[in-house]
Amino acid sequence: METPRVKLRTVGLTRRYGNGLTVFEDFSVEIADLQFVAIIGPSGCGKSTLLRIIDGLDAPDGGRIEIDGKPVVGPGAGRAMVFQGFDLFPWRTALENVAFGLEMQGVGKRERLDTARRYIDMVGLSGFAGSYPHQLSGGMQQRVGIARALAVRPDILLMDEPFGALDLQTRDLLQDELLRIWQTDPKTVLFVTHSIEEAIYLADRVIVLSPRPARIQRDIPVPFGRPRDEMLKTSPEFLAIRRQIWELLKQGGDP
(Lines give C-alpha, C1' and ligand atoms only; values in the text may rest on other atoms or scores of the structure.)
Protein backbone atom coordinates (compact mmCIF):
# COMPACT_ATOMS: atom_id res chain seq x y z
CA MET A 1 0.00 0.00 0.00
CA GLU A 2 1.35 3.43 -0.97
CA THR A 3 2.39 5.67 1.93
CA PRO A 4 0.20 8.82 2.09
CA ARG A 5 1.95 12.02 1.07
CA VAL A 6 2.87 14.37 3.94
CA LYS A 7 0.82 17.56 3.62
CA LEU A 8 1.87 19.40 6.75
CA ARG A 9 5.00 19.08 8.86
CA THR A 10 6.20 20.96 11.94
CA VAL A 11 9.87 20.58 12.86
CA GLY A 12 11.21 21.64 16.25
CA LEU A 13 8.44 24.22 16.68
CA THR A 14 8.90 26.48 19.71
CA ARG A 15 6.69 29.28 21.06
CA ARG A 16 7.37 31.41 24.13
CA TYR A 17 5.55 34.43 25.49
CA GLY A 18 7.24 37.56 26.78
CA ASN A 19 6.54 36.60 30.39
CA GLY A 20 8.78 33.55 29.97
CA LEU A 21 5.93 31.10 29.50
CA THR A 22 6.87 28.30 27.09
CA VAL A 23 3.81 27.03 25.22
CA PHE A 24 5.62 24.31 23.31
CA GLU A 25 9.22 23.49 22.56
CA ASP A 26 10.78 21.27 19.89
CA PHE A 27 7.30 20.24 18.74
CA SER A 28 7.34 18.04 15.63
CA VAL A 29 4.49 16.27 13.86
CA GLU A 30 3.54 15.13 10.34
CA ILE A 31 0.02 15.19 8.92
CA ALA A 32 -0.82 13.23 5.78
CA ASP A 33 -2.68 14.72 2.84
CA LEU A 34 -6.50 14.56 3.25
CA GLN A 35 -6.20 13.25 6.79
CA PHE A 36 -8.65 14.39 9.49
CA VAL A 37 -6.65 14.90 12.70
CA ALA A 38 -8.13 15.88 16.06
CA ILE A 39 -5.99 17.59 18.69
CA ILE A 40 -6.98 17.38 22.35
CA GLY A 41 -5.19 18.34 25.55
CA PRO A 42 -5.48 20.22 28.84
CA SER A 43 -6.69 23.82 28.83
CA GLY A 44 -3.89 26.26 28.09
CA CYS A 45 -1.53 23.71 26.57
CA GLY A 46 -1.20 25.58 23.27
CA LYS A 47 -3.74 23.91 20.96
CA SER A 48 -5.14 27.18 19.60
CA THR A 49 -1.68 28.76 19.43
CA LEU A 50 -0.51 25.84 17.29
CA LEU A 51 -3.34 26.41 14.80
CA ARG A 52 -2.67 30.14 14.67
CA ILE A 53 1.00 29.52 13.89
CA ILE A 54 0.11 27.02 11.15
CA ASP A 55 -2.32 29.58 9.70
CA GLY A 56 0.45 32.19 9.73
CA LEU A 57 -1.39 34.48 12.18
CA ASP A 58 1.33 34.08 14.85
CA ALA A 59 5.06 33.51 14.38
CA PRO A 60 7.00 30.75 16.18
CA ASP A 61 10.11 31.54 18.19
CA GLY A 62 11.92 28.55 16.72
CA GLY A 63 11.52 25.65 14.36
CA ARG A 64 9.60 25.65 11.13
CA ILE A 65 6.34 24.66 9.44
CA GLU A 66 6.21 23.13 5.97
CA ILE A 67 3.21 22.66 3.71
CA ASP A 68 3.90 20.46 0.70
CA GLY A 69 7.59 20.75 1.62
CA LYS A 70 7.58 24.56 1.44
CA PRO A 71 8.11 26.77 4.51
CA VAL A 72 5.21 28.76 5.96
CA VAL A 73 6.28 32.36 6.57
CA GLY A 74 2.88 34.02 7.16
CA PRO A 75 -0.75 33.97 6.06
CA GLY A 76 -1.34 32.64 2.59
CA ALA A 77 -3.60 30.79 0.22
CA GLY A 78 -4.34 27.16 0.89
CA ARG A 79 -5.28 27.53 4.56
CA ALA A 80 -8.52 28.60 6.23
CA MET A 81 -9.53 28.86 9.87
CA VAL A 82 -12.89 28.26 11.55
CA PHE A 83 -13.01 29.76 15.04
CA GLN A 84 -15.15 28.88 18.05
CA GLY A 85 -16.75 32.33 17.94
CA PHE A 86 -18.87 32.83 14.85
CA ASP A 87 -16.93 36.00 13.83
CA LEU A 88 -19.46 37.02 11.20
CA PHE A 89 -19.89 40.60 9.99
CA PRO A 90 -23.30 41.67 11.37
CA TRP A 91 -23.91 44.09 8.52
CA ARG A 92 -23.42 41.41 5.88
CA THR A 93 -25.91 38.73 4.87
CA ALA A 94 -25.00 35.08 5.15
CA LEU A 95 -24.19 35.06 1.43
CA GLU A 96 -22.01 38.16 1.72
CA ASN A 97 -20.18 36.72 4.74
CA VAL A 98 -19.39 33.53 2.83
CA ALA A 99 -18.19 35.57 -0.14
CA PHE A 100 -15.88 37.75 1.98
CA GLY A 101 -12.72 35.65 1.62
CA LEU A 102 -13.18 35.48 -2.14
CA GLU A 103 -13.67 39.23 -2.23
CA MET A 104 -10.34 39.67 -0.40
CA GLN A 105 -8.74 37.45 -3.06
CA GLY A 106 -10.00 39.77 -5.78
CA VAL A 107 -12.57 37.37 -7.24
CA GLY A 108 -15.18 39.15 -9.34
CA LYS A 109 -18.60 39.81 -7.81
CA ARG A 110 -20.61 37.42 -9.94
CA GLU A 111 -18.15 34.54 -9.52
CA ARG A 112 -17.76 35.00 -5.77
CA LEU A 113 -21.51 35.19 -5.18
CA ASP A 114 -22.12 32.09 -7.31
CA THR A 115 -19.42 30.26 -5.35
CA ALA A 116 -20.82 31.48 -2.04
CA ARG A 117 -24.32 30.24 -2.98
CA ARG A 118 -22.88 26.81 -3.75
CA TYR A 119 -21.30 26.58 -0.31
CA ILE A 120 -24.38 28.01 1.42
CA ASP A 121 -26.28 25.11 -0.15
CA MET A 122 -23.54 22.62 0.79
CA VAL A 123 -23.83 23.45 4.51
CA GLY A 124 -27.62 23.15 4.44
CA LEU A 125 -28.58 26.83 4.51
CA SER A 126 -30.55 27.05 1.27
CA GLY A 127 -33.17 29.75 1.76
CA PHE A 128 -31.10 31.71 4.31
CA ALA A 129 -28.59 33.37 1.99
CA GLY A 130 -30.24 36.77 2.51
CA SER A 131 -30.45 36.48 6.31
CA TYR A 132 -28.28 38.55 8.63
CA PRO A 133 -26.36 36.90 11.51
CA HIS A 134 -28.80 38.14 14.16
CA GLN A 135 -31.58 36.32 12.30
CA LEU A 136 -29.75 32.98 12.49
CA SER A 137 -29.34 30.50 15.33
CA GLY A 138 -25.88 29.74 16.73
CA GLY A 139 -25.70 26.51 14.75
CA MET A 140 -26.68 28.30 11.54
CA GLN A 141 -24.10 31.01 12.14
CA GLN A 142 -21.41 28.37 12.55
CA ARG A 143 -22.52 26.78 9.29
CA VAL A 144 -21.96 30.17 7.66
CA GLY A 145 -18.46 30.25 9.19
CA ILE A 146 -17.69 26.79 7.82
CA ALA A 147 -19.03 27.75 4.39
CA ARG A 148 -16.88 30.91 4.41
CA ALA A 149 -13.77 28.84 5.11
CA LEU A 150 -14.61 26.23 2.48
CA ALA A 151 -15.45 28.80 -0.20
CA VAL A 152 -11.79 29.81 -0.61
CA ARG A 153 -11.04 26.14 -1.42
CA PRO A 154 -8.28 25.59 1.14
CA ASP A 155 -6.03 22.56 1.07
CA ILE A 156 -5.88 22.67 4.88
CA LEU A 157 -8.86 23.48 7.09
CA LEU A 158 -7.98 24.55 10.65
CA MET A 159 -10.87 24.29 13.12
CA ASP A 160 -10.48 25.72 16.62
CA GLU A 161 -13.27 24.25 18.78
CA PRO A 162 -15.85 25.25 16.17
CA PHE A 163 -18.75 23.58 17.99
CA GLY A 164 -17.69 24.42 21.54
CA ALA A 165 -20.28 27.17 22.06
CA LEU A 166 -23.22 25.12 20.79
CA ASP A 167 -25.77 23.03 22.64
CA LEU A 168 -25.25 19.26 22.62
CA GLN A 169 -27.95 18.45 20.06
CA THR A 170 -26.75 21.09 17.60
CA ARG A 171 -23.17 19.99 18.14
CA ASP A 172 -24.00 16.37 17.31
CA LEU A 173 -25.89 17.44 14.18
CA LEU A 174 -23.00 19.59 12.97
CA GLN A 175 -20.51 16.79 13.58
CA ASP A 176 -22.43 14.65 11.10
CA GLU A 177 -22.78 17.61 8.74
CA LEU A 178 -19.04 18.25 8.85
CA LEU A 179 -18.27 14.61 8.06
CA ARG A 180 -20.70 14.71 5.13
CA ILE A 181 -19.08 17.88 3.76
CA TRP A 182 -15.55 16.54 4.29
CA GLN A 183 -16.35 13.34 2.39
CA THR A 184 -17.92 15.41 -0.42
CA ASP A 185 -15.04 17.91 -0.57
CA PRO A 186 -11.98 16.17 0.98
CA LYS A 187 -9.14 18.19 2.45
CA THR A 188 -6.62 18.00 5.29
CA VAL A 189 -8.29 18.97 8.59
CA LEU A 190 -6.77 19.87 11.96
CA PHE A 191 -9.58 19.98 14.50
CA VAL A 192 -9.00 21.25 18.05
CA THR A 193 -11.58 20.13 20.60
CA HIS A 194 -12.11 19.63 24.33
CA SER A 195 -14.51 16.76 23.69
CA ILE A 196 -13.01 13.26 23.67
CA GLU A 197 -16.11 11.81 21.98
CA GLU A 198 -16.01 14.45 19.26
CA ALA A 199 -12.32 13.83 18.58
CA ILE A 200 -12.78 10.07 18.17
CA TYR A 201 -16.01 10.36 16.18
CA LEU A 202 -14.61 12.77 13.60
CA ALA A 203 -10.95 11.93 13.19
CA ASP A 204 -8.59 9.47 11.56
CA ARG A 205 -6.04 10.25 14.32
CA VAL A 206 -6.32 11.79 17.77
CA ILE A 207 -3.20 13.61 18.99
CA VAL A 208 -3.23 13.92 22.78
CA LEU A 209 -1.11 16.78 24.10
CA SER A 210 0.48 17.15 27.53
CA PRO A 211 0.27 20.29 29.70
CA ARG A 212 2.57 23.08 28.53
CA PRO A 213 5.14 23.03 27.29
CA ALA A 214 3.04 20.78 25.08
CA ARG A 215 4.37 17.53 23.77
CA ILE A 216 2.61 14.65 22.09
CA GLN A 217 1.64 12.20 24.83
CA ARG A 218 0.05 9.78 22.40
CA ASP A 219 -0.83 9.70 18.69
CA ILE A 220 -3.82 7.38 18.51
CA PRO A 221 -5.11 5.98 15.19
CA VAL A 222 -8.89 5.74 15.02
CA PRO A 223 -9.74 2.32 13.54
CA PHE A 224 -13.33 2.95 12.46
CA GLY A 225 -14.37 3.09 8.83
CA ARG A 226 -16.55 5.69 7.20
CA PRO A 227 -19.30 6.74 7.01
CA ARG A 228 -19.95 6.84 10.76
CA ASP A 229 -23.14 7.25 12.76
CA GLU A 230 -24.11 7.99 16.36
CA MET A 231 -24.33 4.29 17.28
CA LEU A 232 -20.55 4.14 17.02
CA LYS A 233 -20.26 6.21 20.21
CA THR A 234 -21.72 3.37 22.29
CA SER A 235 -19.58 0.57 20.83
CA PRO A 236 -17.04 -1.18 23.12
CA GLU A 237 -14.15 -0.21 20.82
CA PHE A 238 -15.13 3.47 20.89
CA LEU A 239 -15.49 3.45 24.67
CA ALA A 240 -12.10 1.74 25.07
CA ILE A 241 -10.39 4.53 23.09
CA ARG A 242 -12.30 7.11 25.11
CA ARG A 243 -11.01 5.57 28.36
CA GLN A 244 -7.46 5.53 27.01
CA ILE A 245 -7.59 9.25 26.14
CA TRP A 246 -9.27 10.15 29.43
CA GLU A 247 -6.54 8.39 31.40
CA LEU A 248 -3.92 10.34 29.49
CA LEU A 249 -5.69 13.65 30.11
CA LYS A 250 -6.15 12.94 33.80
CA GLN A 251 -2.38 12.85 34.12
CA GLY A 252 -2.24 16.49 33.09
CA GLY A 253 -5.54 17.93 34.25
CA ASP A 254 -8.93 18.41 32.68
CA PRO A 255 -9.14 18.70 28.86
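The values are calculated or read from the model by the stated rules, or taken from the named source; none is laboratory data. Owing to the predicted nature of the structure, the values given are computational and were not obtained by experimental measurement. Methodologically, a virtual Cβ is constructed for each residue, glycine included, from the backbone with ideal geometry; neighbour enumeration extends over all protein chains shown.
Brief remarks follow.
- In region 69-100, the residues that are in a helix (DSSP H, G or I) and within 26 Å of VAL6 (Cβ to Cβ): none
- Just one of the listed residues (GLU96, GLU30, GLU25, GLU66) is more than 29 Å from ILE245 (Cβ to Cβ) and acidic (Asp, Glu), namely GLU96.
- Residue among SER131, SER126 that is surrounded by fewer than 21 Cβ atoms within 10 Å (Cβ to Cβ), out of contact with any Gly (no Cβ under 9 Å at 6 or more places or on another chain), at pLDDT 95 or above and assigned to a loop (DSSP other than H, G, I, E, B): SER131
- A residue that is at pLDDT 95 or above, out of contact with any Phe, Trp or Tyr (no Cβ under 8 Å at 6 or more places or on another chain), of a type in the set (A, V, I, L, M, F, W, C) and farther than 21 Å from LEU166 by Cβ can be found somewhere in region 214-237.
- Meets criteria (touching a Gly at 6+ places or on another chain (Cβ under 8 Å), in a helix (DSSP H, G or I) and of a type in the set (D, E, K, R)) for ARG112: no
- Residue that is nearest to ALA80 (Cα to Cα) [pool: residues in region 5-59 that are in contact (Cβ under 8 Å) with a residue 40 or more places away in the chain, β-branched (Val, Ile, Thr) and crowded, with 19+ Cβ neighbours inside 10 Å]: ILE54
- ALA80 vs. criteria under 22 Å from the mean Cα position of the chain (by Cα), of a type in the set (Gly, Ala, Ser) and either under 21 Å from THR188 (Cα atoms) or surrounded by fewer than 18 Cβ atoms within 10 Å (Cβ to Cβ) (or both): yes
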